[in-house]
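Structure first, then comments.
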Amino acid sequence: MVKIESKNVTVNCSAEECFNFLSDMNNYEQILPEKDISEWESTNKSCFFKIKKTYALELIFSHSEPFNAIHIKSGDKSPIKFELDMVLNQIENACEAQLVCNADINPFLKMIIEQPLKYLFNYMADQLVAVKE
């Protein structure tokens, strides 16, 4: 199992507001890199998209811990099996957010996809901040 974490960001809203936004997977299109994403499809509990020059990902809501975490798993259309946690922590008048991915990949595949996934998760964290400004 390979663990990939985004940077920890401070979002200008409450953990409850951030949780509610991330609980609807239709909103994920707003935090993904538009220029690198194609074939976007979503419902409030799942989304599917292709990342330019790499692979397709299907994200499916698994469960949540209200205002603290949203747990997502890979769907059947994803080439790798993974779990993605959106971890939230209330701080004064804002919240901290971080994406933590645990992927079931071999060492060779890790060398190929670790950096693109780290870039993707950091981008998503930064966009969450921008959307909630």
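Listing for the model above:
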read-out: Candidates LYS52, LYS73, LYS118, ranked by Gaussian network fluctuation over the chain, Cα under 10 Å, top entry; value: LYS52
read-out: Evaluated over segment 80-133, the Cα radius of gyration and Dmax, each in Å; value: 13.5, 43
read-out: Potential lengthening between SER42 and GLN30 on full extension [0.36 nm per residue; Cα-Cα distance subtracted]; value: 3.1 nm
read-out: Difference of contour (0.36 nm per residue) and Cα-Cα distance, ILE91 to LYS52; value: 10.5 nm
read-out: Helix-only mean residue ellipticity at 222 nm for the chain, each DSSP H run of n ≥ 4 adding -39500 (n - 2.57), per residue, nearest 500; value: -8500 deg cm²/dmol
read-out: Whole-number D in µm²/s for the chain (Stokes-Einstein; Kirkwood sum over Cα pairs; 37 °C, 0.692 mPa s); value: 221
read-out: Formal net charge of residues neighbouring SER14 (Cβ-Cβ distance under 15 Å; K, R +1; D, E -1); value: -4
read-out: Under 10 Å, Cβ to Cβ, from VAL2 - net charge with Lys/Arg +1 and Asp/Glu -1; value: 0
read-out: C-alpha center-to-center spacing [segment 110-133, segment 1-78] in angstrom; value: 10
read-out: Solvent-accessible area, 1.4 Å probe, carbon plus sulfur percent, for segment 1-121; value: 49
read-out: Backbone N under 16 Å from the ASN122 label point (7 Å along Cα→Cβ), restricted to segment 89-104; value: 98-101
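The values are calculated or read from the model by the stated rules, or taken from the named source; none is laboratory data. None of the values given here were measured: they were computed from a predicted structure. Note that each Cβ is placed from the backbone with ideal geometry, even for glycine, and that neighbours are counted across all protein chains shown. All accessible areas refer to the heavy atoms of the entire protein, side chains included, with ligands and DNA or RNA removed. Shrake-Rupley method; radii C 1.70, N 1.55, O 1.52, S 1.80 Å.
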